[in-house]
Amino acid sequence: QVQLVESGGGLVQAGGSLRLSCTASRRTFSTFAVGWFRQGPGKEREFVATITWDGRNTYYAVSVKGRFTISTDSAKNTVYLQMNDLKPEDAAVYYCAADRYYRTSDREDDYDYWGQGTQVTVSS
């Protein structure tokens with residue numbers, strides 16, 4: 001079992017930046033990729049970005065590409081999501097999730113473990 005804990009959410013003005021962290025309780029061979037998803041008010045949860053644990057492969061949603069950067073620090077069992085030029089439509093609860101396979105998937109069903117989420121609020 002892998003437990004994931006997100007942190008770094010908060011309130012920021014449009015155009016500002018935040019960095020989210022996702023720390024895993026342990027690094028095992030059963031966890032090969034970590035993704036970020038988000039769910040805005042009244043919306044379905046959607047894919048944001050994903051990265052393999054070795055940092056070699058990343059994949060972004062079109063809506064965040066060029067503004068968000070996902071990275072990993074394997075020594076700390078942590079994945080980061082640097083979010084720049086935030087827009088009001090980026091406001092959501094952000095979740096990280098772990099995939100047992102080495103791939104960059106944008107499908108929720110491919111992820112086996114989920115964190116509790118961290119709130120990001122963007123004021124206009």
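The values are calculated or read from the model by the stated rules, or taken from the named source; none is laboratory data. None of the values given here were measured: they were computed from a predicted structure. So basically every Cβ, Gly included, is an ideal-geometry build from the backbone, and we count neighbours across all protein chains shown. Heavy atoms of the whole protein, side chains included, go into the accessibility calculation; ligands, DNA and RNA do not. Shrake-Rupley method; radii C 1.70, N 1.55, O 1.52, S 1.80 Å.
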Inset, instruction - Calculate, for residue 108 and residue 54, the FRET efficiency according to 1/(1 + (r/R0)^6) with r their C-beta to C-beta distance and R0 22 Å; round to the nearest 0.05. - result: 0.45
Inset, instruction - Find how much the distance from residue 46 to residue 1 grows on full extension, using 0.36 nm per residue of separation minus their present alpha carbon separation; answer in nm with one decimal. - result: 13.8 nm
Legend entry - Chain lengthening between residue 74 and residue 124 when straightened (0.36 nm per residue, less Cα-Cα): 14.5 nm
Legend entry - Computed magnitude of the charge dipole of the chain (debye, nearest 20; Cβ of K, R +1, Cβ of D, E -1): 260 debye
Inset, instruction - Taking a cut-off of 27 Å between Cα atoms, list the lysines near residue 43, but don't count ones fewer than 8 places away on the same chain. - result: 65, 87
Inset, instruction - Find the accessible area per residue for the chain; the probe is 1.4 Å, ligands and nucleic acids are left out, and the unit is Å². - result: 52 Å²
Inset, instruction - With unit charges on the beta carbon (Lys/Arg positive, Asp/Glu negative), name the residue among 3, 16, 74 whose Cα is farthest towards the positive pole of the charge dipole of the chain. - result: 74
Legend entry - Long-range tail of P(r) for the chain (Cα pairs > 25 Å, %): 15 percent
Inset, instruction - Can you tell me the dipole magnitude for region 1-68 around its Cα centre, using point charges on the Cβ only (Lys, Arg +1; Asp, Glu -1), in Debye to the nearest 20? - result: 100 debye
Inset, instruction - First compute the accessible area of the chain with a 1.4 Å probe, then give the percent of it belonging to carbon and sulfur atoms. - result: 45 percent
Legend entry - Label-to-label distance, nm, for residues given as residue 61 and residue 82 (7 Å Cα→Cβ offset): 2.1 nm
Inset, instruction - Give me the distance in nm between label points sitting 7 Å out from Cα along the Cα-to-Cβ direction at residue 25 and residue 11, one decimal. - result: 3.3 nm
